[in-house]
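Here the structure is laid out as structure tokens; the discussion comes afterwards.
The values are calculated or read from the model by the stated rules, or taken from the named source; none is laboratory data. This structure is a prediction, so every number in the text was calculated from the model and none was measured. Here the Cβ positions follow ideal geometry from the backbone for every residue, glycine too, while neighbour counts run over all protein chains shown. Surface areas here come from the heavy atoms of the whole protein model, side chains and all, with no ligands, DNA or RNA. Shrake-Rupley method; radii C 1.70, N 1.55, O 1.52, S 1.80 Å.
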Amino acid sequence: MLPLTLLVKAGLYLIMAISLLAAVASVSLPNIFHAALALALALLGIAGIYLGLQAEFVAVVQVLIYVGAVITLVIFAIMLTNRMADRSTPAKNSLGAACLAVAAGLFSILVRFIRSTPWPETTSAPAPGTSEIGQALMGPYVFAFEVISVILIAVLIGAMVIAKKDNPGEDAP
Amino acid sequence: MIFGTGILQGLMVTLKNFVTSYFKAPDEGGIFTVEYPEKRLPEKERFRNFPFLLYDKNPENLRCVACDICAKECPPKCIYIVREFDKDGKPLKRPAVFDIDFTVCMNCGICEEACPFDAIYMDHEFEIASADRHAKLLYHRDDLLKSNEYFHKIRPTDASAIDARRREAEEKKKAAEAAALAAQKAKEAAAAQAKPPEPPKPAAGA
Amino acid sequence: MTEKTFSLHGAGDMDTQTLEINIGPQHPSTHGVFRMNVVLDGETIVSLKPVMGYLHRNHEQIAENMSYTGSMPYTDRLDYFNSMSNNFGYAMAVEKLANIEVPERAHYIRIIMAELTRLVNHVSVIGFLLNDLGAFFTPVLYAFREREKILDIFEEVAGARMMCNYLRFGGVKYDLSPEVLARIAGILKKFPKFLEEFETLLTKNEILCMRCQNVGVLPAELAVSASVTGPMLRASGVNYDIRKADNYSLYERFKFRVPLGQKGDVYDRYYVRILEMRESLKILEQAVKEIPAGDIMSKKMVPFLKSPRNFKPPVGEAYARVEAPKGELGYYVVSDGTAQPWRYHVRAPSFINLTILEDLCIGQKVADAIIILGSVDIVLGELDR
Amino acid sequence: METLDQIFVLSKKGILDFLGTFLPEWVVTLACVAITIKAIAVLGPVTMMYLTLMERKVIGRMQNRIGPNRVGKWGLLQPLADGVKMLTKEDIVPHGADAVSHFLAPILIVIPSLLAFAVIPFGRGMTPVDLNVGVLFFIAVSSTTTIAIFMASWGSRNKFSVLGGMRSAAQMISYEVPMVLSVVPVILIAGSLSTNDIVLAQAGWGGLKWFVFTPWGFFAFIIFFLCGVAECNRSPFDLPEGESEIVAGFHTEYSGMKFALFYMAEFMNSFTVSGLAATLFLGGWQGPFLPSWLWFFLKTYALIFVMIWFRGTLPRIRVDQLMGLAWKFLMPLTLVNILAAGLWYFTEGAARWLITASILAGSFWLLTKLNRGYTPEKRVYLFAE
Amino acid sequence: MIPLSHLLIFSAALLVIGIYGAVVRRNIVGILLSIELILNAAALNFTAFSRFALAGDQEAGVIFTLFIIAMAAAAAAVGLAIVIALFRVRKTIMSDEINLLKW
């Protein structure tokens, strides 16, 4: 079965490369709409990596929430705030070069630490299935679960109030 | 009424039509469309499409006498007639040129009403589509000519009524001629009696 | 007319972009070549300018150098859905001008034909309104199934399905044979069953009610001041039907009622048309039963059948109006004694009913503008003339 | 019967055993995956082609006409003719269009609809990929179509398509929430997210154990099916491509093969949604005598017939009513449904039926009362003499 | 399975790209996109560690990833609401053009 695992590893590395490229594209593309699409591709890549780690539930939730809802929300925002013919203003400000240097420095420090510490090699027992996650959510993490739901409700109402038209009389188009 | 029932009733109607379309007769919910080229709808007698010129027996003696009434009456002015002249320039009672532009004609049938000589009638033939508008759809005299039998075939009652009227007119004309002839002979006979006393001799000698 | 402007939020600066789009002349649901220049704010309509004239064929000018009978086939092409009632109006105008007296049987035949065209028109209009609403051609095809039967009768009687050119001044061109009358009676027996099925499919359909009720409301005084006529006016509750108001031809002999709506929205205009079809059926039953024998052409006018050219009505002018399925269809004919009318004008109901389209559509959504146009029921042939 | 039921599984095992004789082990597993993918890749487009034909034939018959029958025996070759037509048609890219998204949109819309096939249990042991998060995978995949529709509408630089794009995004999002919530009761009772376990949970009593026969199951089925119809942009909710209003919505500027791809995505979506609805509520491939896969296809095609039936009858809903229906009607109903399913889980016998049925009927009645705007008004029409 | 260090390097790279994007982008929506990237990089680490952890309950990392996804969605929602409100008032969403402290 050796070649199969090799195939899976190669697949994972490929997905990593694609999502890295997509991330770079989403950061550097001038047209904001294309940047959002590139981010969607990057997030799909990350969902692929979750699948590689046998965390299917997380992968599917990631696709559902991120690619399904957040990117759609971003595109809605882009449509509402962008003139049909987007003006050709420079997409990046002047800090480009300096920030690149700092970022590269940070990355090299991180890599050095990662390489030096001894990480456990083998993966542990079978991956947690959906039911174990459910038990855990309702078990030890039930408090965090309730807090998250409160936060989400607050955000829901907050976002609506901010984005709504100023005069309550008029219904939003 | 529960919220969804109006929609359900509507759906039942289409489902009924879906089911009945398989076995019901055309006007009770069955298939009422006709697959045109293979099967055709029965042709109505009074249906009028583009006009045609009528001739009795052979294409030579066509009824049209080039009187130009239909050309004047035609609303969109799509008829063009040129009278025929024989060798020494005397006008004949025949059209040399009789063109109808079928792209202009709106088959309203007014030429048929206005023609005093029963020469032009509306046809039933409607499959005359062609690629070329100018040449093919400008019908000349010979393309328009159709026989009286054809007229009887497509419009039996009208044709027989018209033929009856024409025969009557024929007899009346013959009778009138006969009467005129008789009257004319009678007048000669009367004139002859008024003159017999003086020249009996030459008549007897010749 | 109060200029109802839709107040834009904020002092005048457009917060969200207003979108200006052209609906038509090349558009799937404008009933012919008709353009609406619509300014949208999101989905709501801010302003709507109808643009017409794409189908203008100069009908009134052509009629001025044509014999009176010659322009009869052109009236078929005004409102090509009901050519018989167009002929009816024109024939009555010239008869009033030359005071020609029409025999009774011809009156009955004219009324039968006019009411049959009313059935055809209302059924097709409802079908097309449902098409604009999105029902995928099913109501239209049910409507056209009934329309085919009536058009076959027209073809048998007048010679053509839609361009009948059947009426002449002083009567009608051909007579109604007994079996045609029997076939009309057969249709009248089956039509209520079809109307029943049509109503169960549509009237109580929740989506239709959701889409059509309280949309494009036409208040009665706006309708009267804009001289709107026909089912649109009666849907707003104004009791004005020319068949009852003028009692032209022999309409006072027939017992029928005039349905009136209350709110005047798209739903009322739809349902008033269905009730009107029921009333027309009553008229047709009475007419087919009581049609008297007799000749179909007034003696005075028979010679002119043969030679339309030398029919010269006396100098003068006449205006006759008919309750066409779309509204009051009027013909104004001025004669100077020659064989050609000096002036000829058609009062087209579609054109007059369309003037209030903007008032109905402002503030509604794009989807509503399309169905409001559908409920106004315009035909471009008559509108542009 | 057993062999007939497992005919596909056995034939696949046969091929694999045959390959196994001379190929290494890991190639055989790859071949197994390849065969399943091949089956889906063939099944997808073929179902799409013959669904278009089925739709035109069924709607034709509903309108008392025959539907395509010229190409092939009963029009069976019509899909091929459409395919060739689509291939040969010129592929127009509008001038100002944003080439990347205009080109990518049709591809990105077909991928999710093909992926959704992976989770649907076609028969006993015939689920292409038996994920234990099956249902969630289906919903995640079907939610990514929104982005493709945005790309299509934004990329083609046309006012109508932008309108269509906005409408469809709003519709997709607001109908995804009730769809997800209506699946929760099924997962709650079946105890697993995997589609195969859900089907097994409905076995027994020759079909009476299907979830659709429980009160909460019936409501969940109706809501799931309506949301499924909305997700595929089909009939009462086909606003994004409202032909009569905004020409063809987001695929106005597409022609040729790209338009065919949109068409294919719509039909494959409708197949997968009907398949999943059948799996979740009508007991997937459970059925007394016929082989399991035949049962699955019968149920799915019955649901597709209902979708086509909707298309043939119902008019379209307006955008704001569409939103209102989703958020103010379906959403609360699904929440109550989850409550009812919970109660169903913990009660026994008659009490179980009584409680859930009464809660659901009461909430349905209350919701129709609350949404006064959507229920049809009573209208009275007076008749003037 | 691929070694943990490669995964960590990948998420570090994502983090760095996110930071670069957040700093350099002028369009506020672009900045929001980069923040999404950063959050995702962190979430990936959590799942990776939970899969390679020797002791302790397995689900901790995965649940934390779910919480991060939820929080990122909430953040994006509020961020975009602010962007839309800002656009209505200022007609621009270029971060360097919004420099008036007083609205």
Accessible area (Å², 1.4 Å probe, nearest 10) - E:ARG90 = 70
Under the Karplus relation with 6.51, -1.76 and 1.60 and θ = phi - 60°, whole-Hz ³J(HN,Hα) for region C:249-260, x at Gly and Pro, equal 6, 10, 5, 6, 6, 9, 8, 8, 10, 10, x, 10
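If you add up the charges near A:ALA136, with Lys and Arg at +1 and Asp and Glu at -1, over every other residue whose beta carbon is less than 9 angstrom from its beta carbon, what do you get? Mind showing how you got there, number by number?
Numbers: positive: none; negative: A:GLU132, E:ASP57, E:GLU59.
Surrounding charge for A:ALA136 is -3.
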Could you please state how large a percent of the accessible area of region D:106-183 is carbon and sulfur, counting protein chains only and using a 1.4 Å probe?
-> 74
Once the Cα gyration tensor of chain A is diagonalised, semi-axes √(5λ) in Å = 35, 28, 17
Rank A:VAL161, A:VAL142, C:VAL258, C:VAL288 by accessible area, highest first, at a 1.4 Å probe radius?
-> A:VAL161, A:VAL142, C:VAL288, C:VAL258
Sorted by chain and number, the residues with a modelled amide H under 5 Å from that of C:VAL51, at a separation of 5 or more or across chains, are C:ARG35, C:MET36, C:ASN37
Mind listing P(r) for region A:1-84? All alpha-carbon pairs, 5 Å bins, whole percents.
-> 3, 15, 19, 21, 16, 11, 7, 4, 2, 1, 0, 0
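Taking the alpha carbon gyration tensor of the protein assembly as shown, what are the square roots of 5 times its eigenvalues, largest first, to the nearest whole Å? It would help to have the intermediate numbers written out before the result.
Working: eigenvalues 1140, 219, 189 Å².
Here the semi-axes work out to 75, 33, 31 Å.
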Round to the nearest 10 and give me the degree value, 0 to 90, for the angle of helix B:156-194's Cα axis relative to the longest principal axis of chain B.
-> 10
Of the listed links B:LYS93/C:LYS300; C:LYS149/D:LYS57; B:LYS24/C:LYS193, those spanning more than 26 angstrom between alpha carbons are B:LYS93/C:LYS300
Nearest 100 Å², what total accessible surface is buried between chain A and chain E (probe 1.4 Å)?
-> 7200
Centroid-to-centroid separation of region C:56-117 and region B:122-171 [C-alpha atoms, Å] | 27
Please sort through the DSSP H helices of chain C and keep those with an alpha-carbon extent of at least 27 Å along the long axis and a Kyte-Doolittle average not below 0.5.
-> C:104-133
Any idea what the alpha-carbon Rg over 2.2 N^0.38 Å comes to for region C:164-317?
-> 1.36
Hz values of 3J(HN,Hα) by residue in region A:6-12 - Karplus curve (6.51, -1.76, 1.60), Gly and Pro given as x | 4, 4, 4, 4, 4, x, 4
Candidate aspartates and glutamates - alpha carbon under 16 Å from D:LYS89, same-chain residues fewer than 8 apart omitted | D:GLU253
Over chain C: Rg over Rh, Cα atoms, Kirkwood Rh | 0.99
Rolling a 1.4 angstrom probe over the protein heavy atoms, how many square angstrom per residue are accessible across region C:216-307?
-> 37
Between region C:309-385 and region B:61-84, what's the alpha-carbon centroid distance in Å?
-> 35
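At 1.4 Å probe size, put B:LYS174, B:LYS87 in order of accessible surface, largest to smallest. Write down the numbers at each step before the final one.
On the way: B:LYS174 115, B:LYS87 195 Å².
Largest accessible area first, the list is B:LYS87, B:LYS174.
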13 Å tail of the calculated P(r), region E:30-83, as % of Cα pairs = 59
Cross-link reach list, lysines versus A:LYS164, counting only Cα pairs under 28 Å and skipping chain neighbours closer than eight places = C:LYS4, C:LYS365, D:LYS159, D:LYS328, D:LYS369, E:LYS91, E:LYS102
Per residue and in Å³, how big is the convex hull formed by the alpha-carbon atoms of region C:254-352?
-> 150
Could you name every residue in region D:128-154 that has 30 Å² or more less accessible surface in the full protein assembly than in its own chain alone (probe 1.4 Å, ligands and nucleic acids excluded)?
-> D:ASN132, D:VAL133, D:LEU136, D:ALA140, D:SER143, D:THR144, D:ILE147, D:PHE150, D:MET151, D:TRP154
Crossing angle, helix A:142-163 versus chain A [Cα axis fit, 0-90 degrees, rounded to tens] = 30
So, in Å, what gap is there between the alpha-carbon centers of region E:1-60 and region A:1-50?
-> 13
Scoring only Lys, Arg, Asp and Glu (+1, +1, -1, -1) among other residues with Cβ under 11 Å from the Cβ of D:ILE109 yields 0
Under 5 Å between amide H atoms, partner at least 5 residues away or on a different chain: which partners does C:ASP41 have, H built in plane at 1.01 Å?
-> C:LEU19, C:VAL46
Heavy-atom surface of region E:4-90, accessible at 1.4 Å and reported per residue (Å²) = 28
Measure of exposure for E:MET94: accessible area at 1.4 Å probe, Å² rounded to 10, is 20
Of B:LYS172/C:LYS306; D:LYS38/D:LYS73; D:LYS12/D:LYS38, those spanning more than 23 Å from alpha-carbon to alpha-carbon = D:LYS38/D:LYS73
Helix runs (DSSP H) in chain D reaching 18 Å along axis by Cα, Kyte-Doolittle at least -1.0 | D:7-22, D:25-62, D:99-115, D:159-190, D:215-231, D:257-281, D:292-313, D:331-346, D:349-370
For D:MET49 the rounded accessible area (nearest 10 Å², probe 1.4 Å, non-protein molecules ignored) is 50
Surrounding net charge for B:LYS173, when Lys and Arg each add one and Asp and Glu each subtract one, Cβ distance under 13 Å | +1
Amide H proximity to B:PHE50 below 5 Å, modelled H, separation 5+ or other chain, gives B:ASP123
Taking only Cα atoms, what is the 0 to 90° angle, nearest 10, from helix A:32-52's long axis to the longest principal axis of chain A?
-> 30
Which three lengths, in whole Å and largest first, does region D:89-368 cover when its Cα atoms are put on their principal axes?
-> 67, 43, 31
Looking only at aspartates and glutamates whose Cα falls under 18 Å of C:LYS49's and that sit 8 or more positions away or on another chain, we get C:GLU3, C:GLU20, C:ASP41, C:GLU358, C:ASP359, C:ASP368, C:ASP377, C:ASP384, D:GLU245
